[in-house]
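Novice: Attaching a single structure in structure tokens format; questions to follow.
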Amino acid sequence: MISQLRLMNFRCFESLSLEMNASGALFVGDNAQGKTSILEAVCMLVRLHSPRAGRNSHMVKFENNELGVAGSCWDSELQIRYSSHAGMKLQVEGEPVDRQAEYLAAGGLIVWMGNEDIELIRGSGSVRRRYLDFIGSQLSLEYRVALVRYQRALKSRNHLLKDQRSSQAELDAYAQILIENGQLISQQRSEMVERLSELAGDVQRSISAGNETLALSYQSGSGDDLAENLQMTEQRERRLGQTVVGPHRDELKLTINGMPAGDFASEGQQRTIALALKLAQGELLQQARGKLPVYLLDDIFGELDTQRRNAVFARLPEQAQKLITTTNLDWLDGTYTEAPRYRVSSGVCELIE
Ligand SMILES: Nc1ncnc2c1ncn2[C@@H]1O[C@H](COP(=O)(O)OP(=O)(O)OP(=O)(O)O)[C@@H](O)[C@H]1O
């Protein structure tokens, strides 16, 4: 769990210092006041990952050069400093660490739930691959390392494929990195999807009162043999200037009652599927890692009908720390009363007595 969070020049916060208890907190405020930024900072601190910033520089408060995020997570004291000229500087227990993998070894777990999760059903395959990658990276450091290597090699190989002068030896060298790391990624994604399908199917059944069958399946973008397929497609790849086989072309297929969810699920069913996928993520992480994730719930409860809201609360582990943002407390009918409440306004966060 997170017991302390400190921010400096993060988004609209010049500074913030929060002590948190095991149950979590409710952050209440109008739109654009800084609620989501607090959850984003927690996600950065624990996983070095922002669910919404394309670039780290976007998180630095306007007209400043450097941001700081620090805090106490799962009994480790963590600190991030970032500036565009010096990049990311990390510390664990007050000691600098050079590698992100070393920082992440502290091993905190996060589930982020937000209204944009509906894109998991409606959006492109990249949204679903990111969902799997965020889980995979929390399940094993090995997965994260393979993913980073794969993505770097893919970028370099695509660059070479666009250049007529690039040599076969160079292309082969990058293909080898894709093969080595791609196999691990495919293998782990396939195992993850099998377990997620069971868990998400169960959540969907409980939220829909047993009426709906949700199933997940993994469709490999590598074919049966990535090495062979890379060789076979190389001429086409040279023409197109990009690598066309590999895990970056994987799909996570979602079906509801046997039909593709993106094409046939109603708006309400899609919302339930999005919840089911995220709740399944939490259950998988908990089972595999033997500890509870922190749940970051970004403004979802005001949007949900009572039945779905109750179903989500019933499914969230009681002991898990939950950080919840909301624009109003109208929905809070005794469901979640024990957590401290904070008012967030123009980048200032104050405890509501
Ligand atoms: N780098 C930045 N520096 C300063 N302010 C920023 C930066 N990035 C975003 N903001 C601003 O911070 C404010 C808070 O954004 P945030 O998304 O945290 O609000 P919110 O309270 O969650 O709003 P909503 O309820 O609409 O989701 C917004 O006004 C946004 O424009």
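Novice: Filter region 140-174 for residues that are farther than 21 Å from residue 231 by Cα and hydroxyl-bearing (Ser, Thr, Tyr) and give the result.
Specialist: Scanning region 140-174 gives 140, 143.
Novice: For region 33-56, which residues satisfy the criterion of being among the aliphatic types (A, V, I, L, M), within 11 Å of the ligand (Cβ to nearest atom) and either over 22 Å from the mean Cα position of the chain (by Cα) or in a helix (DSSP H, G or I) (or both)?
Specialist: Taking region 33-56 and keeping what is among the aliphatic types (A, V, I, L, M), we get 38-39, 41-42, 44-46, 48, 53.
Those left that are additionally within 11 Å of the ligand (Cβ to nearest atom): 38-39, 41, 53.
38, 39, 41 - these are the residues of region 33-56 that are among the aliphatic types (A, V, I, L, M), within 11 Å of the ligand (Cβ to nearest atom) and either over 22 Å from the mean Cα position of the chain (by Cα) or in a helix (DSSP H, G or I) (or both).
Novice: Which of (1) within 16 Å of the ligand (Cβ to nearest atom); (2) surrounded by 21 or more Cβ atoms within 10 Å (Cβ to Cβ) does residue 328 not meet, given it meets every other one?
Specialist: (2)
So that you can scan it fast, the table gives a plain yes or no per residue for (1) among the polar types (S, T, N, Q); (2) surrounded by fewer than 20 Cβ atoms within 10 Å (Cβ to Cβ); (3) touching a helix residue (DSSP H, G or I) at 6+ places or on another chain (Cβ under 8 Å); (4) in contact (Cβ under 8 Å) with a residue 60 or more places away in the chain:
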{"residue": "30", "(1), (2), (3), (4)": "no, yes, no, yes"}
{"residue": "56", "(1), (2), (3), (4)": "yes, yes, no, no"}
{"residue": "62", "(1), (2), (3), (4)": "no, yes, no, no"}
{"residue": "78", "(1), (2), (3), (4)": "no, no, yes, no"}
{"residue": "87", "(1), (2), (3), (4)": "no, yes, no, no"}
{"residue": "98", "(1), (2), (3), (4)": "no, yes, no, no"}
{"residue": "117", "(1), (2), (3), (4)": "no, no, yes, yes"}
{"residue": "123", "(1), (2), (3), (4)": "no, yes, no, no"}
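Novice: Then there is this: Could you please tell me which pairs satisfy a Cβ distance under 8 Å, a separation of 6+ or placement on different chains, a first residue in region 164-176 that is on the phi < 0 side of the Ramachandran plot, and a second residue that is among the acidic types (Asp, Glu)?
Specialist: Going by the 8 Å Cβ cut-off, the qualifying pairs are 171/234.
Novice: Looking at region 296-325, which of the residues that are within 15 Å of the ligand (Cβ to nearest atom) and among the β-branched types (Val, Ile, Thr) is farthest from residue 2 (Cα to Cα)? Outline the logic, then answer.
Specialist: Filtering region 296-325 down to residues within 15 Å of the ligand (Cβ to nearest atom) leaves 296-303, 323-325.
Next, only the ones that are among the β-branched types (Val, Ile, Thr) stay: 300, 324-325.
Values: 300: 21, 324: 14, 325: 16 Å.
The residue in question is 300.
Novice: While we're on this one: If I ask for residues that are touching a strand residue (DSSP E or B) at 6+ places or on another chain (Cβ under 8 Å) and in contact (Cβ under 8 Å) with a residue 60 or more places away in the chain, which ones from region 231-268 would you list?
Specialist: Selection gives 250, 251, 252, 254, 261, 262, 265.
Novice: Check 69, 46 and return the single one that is over 15 Å from residue 298 (Cα atoms), of a type outside the set (D, E, K, R) and in contact with a Phe, Trp or Tyr (Cβ under 7 Å, 6 or more places away or on another chain).
Specialist: 69
Novice: Hey, does region 337-344 have a residue that's in contact with an Asp or Glu (Cβ under 6 Å, 6 or more places away or on another chain) and within 16 Å of the ligand (Cβ to nearest atom)? Let's see the steps before the verdict.
Specialist: If we filter region 337-344 for residues that are in contact with an Asp or Glu (Cβ under 6 Å, 6 or more places away or on another chain), which is where we start, we get 343.
Restricting the remaining residues to those that are within 16 Å of the ligand (Cβ to nearest atom) gives 343.
Yes, region 337-344 contains at least one residue that is in contact with an Asp or Glu (Cβ under 6 Å, 6 or more places away or on another chain) and within 16 Å of the ligand (Cβ to nearest atom).
Novice: Which ones in region 6-28 are near the ligand (Cβ under 6 Å from one of its atoms) and closer than 16 Å to residue 114 by Cβ?
Specialist: 11
Yes or no, residue by residue, for (1) modelled with pLDDT of 95 or more; (2) assigned to a loop (DSSP other than H, G, I, E, B); (3) aliphatic (A, V, I, L, M):
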| site | (1), (2), (3) |
| --- | --- |
| 68 | yes, no, no |
| 71 | yes, no, no |
| 78 | yes, no, yes |
| 81 | yes, no, no |
| 96 | yes, no, no |
| 102 | no, no, no |
| 106 | no, yes, yes |
| 112 | yes, no, no |
| 117 | yes, no, no |
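Novice: Could I ask something else about it? I'd like the residue in region 57-76 that is within 9 Å of the ligand (Cβ to nearest atom) and within 20 Å of the chain's Cα centre (by Cα) and, out of all such residues, is farthest from residue 351 (Cα to Cα). Break it down stepwise before answering.
Specialist: Within region 57-76, the first condition is being within 9 Å of the ligand (Cβ to nearest atom), and the residues that meet it are 57-64, 67.
Subsequent filtering for residues that are within 20 Å of the chain's Cα centre (by Cα) retains 57-59.
Values: 57: 29, 58: 27, 59: 24 Å.
Among them, the one singled out is 57.
The values are calculated or read from the model by the stated rules, or taken from the named source; none is laboratory data. If you're wondering where the values come from, they're calculated on a predicted model, not measured in any experiment. So basically every Cβ, Gly included, is an ideal-geometry build from the backbone, and we count neighbours across all protein chains shown.
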